[in-house]
Every structure is written in C-alpha cells, then in structure tokens.
Amino acid sequence: MHQANQAEIIRTNLAVFEQQLADHCRQIGRQRNEITLVAVSKLQPIEAIMAAYEAGQRDFGENYVQELTDKHSQLPTDIRWHLIGHLQTNKVKYIAGFVHLIHSLDSLRLLAEIDKQAKKCGRIIDCLIQIHISTDSTKTGATPEEGLAILQAAQQTPNVNIKGLMGVASLTESEAKVATEFAHLAALQQQWQAAINPEPALSILSIGMSGDYPIALKHGATLIRVGTGIFGARK
Ligand SMILES: *Cc1c(COP(=O)(O)O)cnc(C)c1O
C-alpha cells in the first residue's frame, strides 16, 4: 500500500513536471525535444526509480559512485546513467563500463584516468566539463582557464568525447544572480565552440535543477537535472 502510493505520487509529479516544462518551453519559444530531462535519483530507493522508469523516464542522475554501481546492477539495462557528482580518479574504473555521461570532469588528471579506463572497456565515454560558476565555496568544478586546458587536452584522448559544459548555480533567492551565472557558462560554450578545431560539438549545456531550471532554459540549457521536482524531498 505504502509503495503503491509512492509510485503513484512519483508518476503524478513527473506528469506535472512535464506539463510545467512544456509551458516554460512554449513561453520562451523553445522545443521540448531539445531538452533532456535527467531525473536525479540520489538517495532515492530502487522502487522510486522504477516508478519513474515505468512512466517512461530513462535518464537518471546519481552523485555517488557506490550508489550508482549498486543501482545499475539492480535496474533495467536500458537506463542511461549520468554521473553528476564529484568523481574521484580512483573510482572511475567502477563506472567506466556503463556510464552514459559524466557531467563532472573538472581536472586533467581525471581526464587522463577516464580515457585510460574507457580504453580498457573498449568504449568512448561522453563527458561534460564542469565549470565552477557559483560563488558558493562548497561547489566543485574547474575554473574557466582549467576548463579550456581540459578541452584542449581532450583533443589527444581518443576514448573521451567532450560533449559540452555543466554548471551548478549559487544557492540564492536572487534570480538575477543565477541568470548571470548561467549566461556566463553559455558564453563560454559559444566561445569554446568557436575556438576548437577540429570541431567536437559542445552541444550539451547541463544547467538547471528543480529550483532554477526555468532560468536555465532561458539561457540555453539542453539538459536539466531534476531531483526533488520529480521524487519529492530527499531523506
Ligand atoms: C542533487 C543535484 C541535483 C538535483 O537537485 P534538485 O534540487 O533536487 O532538483 C542536480 N544537480 C546536481 C549536481 C545535484 O547534486
């Protein structure tokens, strides 16, 4: 009974969220199908993920490697798993065989390790360079200078494909501040796209969470990471 209720709540949340997302897209003249919705399932149980899966959701995001590998082993194989939390180099090997997109590439060391582990698995791993755009001291990510160095170094790492940029805005009530941070990342995406040759398209801009995704959509988000807006509050 309890689980049936939880599944029902998640299905409803997803439907409501989709409606809001469609409305926001329409208001600013964007297409819903340009936006990938990643359901952030960190700290949520298997049953909650299955409820979203059964409603058609296939992209899920996790922050912690151990939790990601546990869930990957228990859940359907057609789920696209996104690693959105900070990634330590010594843990890359646990996810290299299956991860769909790593959002948190933020150092040259990590780039080298992902390339090495991807090669061992016979894969090319898609990654986003995470840039520190907020003024919150707790947030991870590379500086713009480091980010550009990673992008340039990735020209020489055949098993890593840089697909775009990721950022987490400051936790603040100020929409203007969040908008400025997202605009900064969108500007870097444009500049770097023009600067790199040969051209790997930096087509993904991973910005926006439950609280700030409407602002992110206005600033070119092509992927949003939504946890509480789908699953409710985390324990
Ligand atoms: C937890 C988390 C999210 C989801 O946050 P919500 O506010 O629950 O939508 C998105 N991105 C990152 C990097 C996160 O750690």
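What to note about this one:
- Going from the residue with the fewest nearby Cβ atoms within 10 Å to the one with the most, Val65, Val178 rank Val65, Val178.
- For the peptides 109-118, 49-58, residues were scored by their other Cβ atoms within 10 Å and the scores averaged per peptide; the highest-first order is 109-118, 49-58.
- In this label model, Glu18 and Arg58 are separated by 1.4 nm, measuring between points 7 Å along each Cα→Cβ vector.
- Size of electric dipole in region 16-147: Cβ of Lys, Arg +1 and of Asp, Glu -1, about Cα centre, debye, nearest 20: 360
- Spread over its residues, the convex hull of the C-alpha atoms of the chain is 125 Å³ per residue.
- Charge dipole of the chain (Cα centre as origin; +1 on each Lys and Arg Cβ, -1 on each Asp and Glu Cβ, all else neutral): 400 debye, rounded to the nearest 20.
- Stokes-Einstein D in µm²/s, Kirkwood radius over Cα pairs - region 133-235 at 4 °C with 1.567 mPa s viscosity: 89
- Compared with the alpha-carbon gap, the fully stretched path from Ser137 to Ile28 is longer by 36.0 nm at 0.36 nm per residue.
- Value at 222 nm in deg cm²/dmol, rounded to 500, when DSSP H runs of n ≥ 4 in the chain each add -39,500 (n - 2.57): -13500 deg cm²/dmol
- In summary, the convex hull built on the alpha carbon positions of region 1-119 has an orientation-averaged projected area of 8.5 nm².
- With the highest mean first, a sort of the peptides 22-32, 154-164, 97-107, 8-18 on other beta-carbon atoms found within 10 angstrom per residue produces 97-107, 154-164, 8-18, 22-32.
- Using a cut-off of 20 Å between Cα atoms, the listed pairs Lys42/Lys116; Lys177/Lys235; Lys119/Lys163; Lys42/Lys177; Lys91/Lys120; Lys71/Lys235 include Lys42/Lys116; Lys177/Lys235; Lys42/Lys177 as exceeding that distance.
- Region 20-78 - convex hull of the alpha-carbon atoms, volume per residue in Å³: 99
- Relative contact order of region 91-191, pairs being alpha-carbon contacts under 8 Å that are 6 or more residues apart, as %: 29
- Listed residue (Ala15, Ser41, Tyr53) projecting farthest to the positive dipole end of region 1-62, Cβ model: Ala15
- Remark: the Cα gyration tensor places region 74-156 in the oblate category, a/c being 1.5 or greater and a/b not exceeding b/c.
- Euclidean distance of C-alpha centroids, region 171-210 and region 79-138, integer Å: 18
All of the numbers you see were taken from the coordinates with simple rules; none came from a lab. Here the structure is a predicted model, which is why all the values come from computation and not from measurement. When we count neighbours, we look across all protein chains shown, and the Cβ atoms used for this are built from the backbone with ideal geometry, even at glycine.
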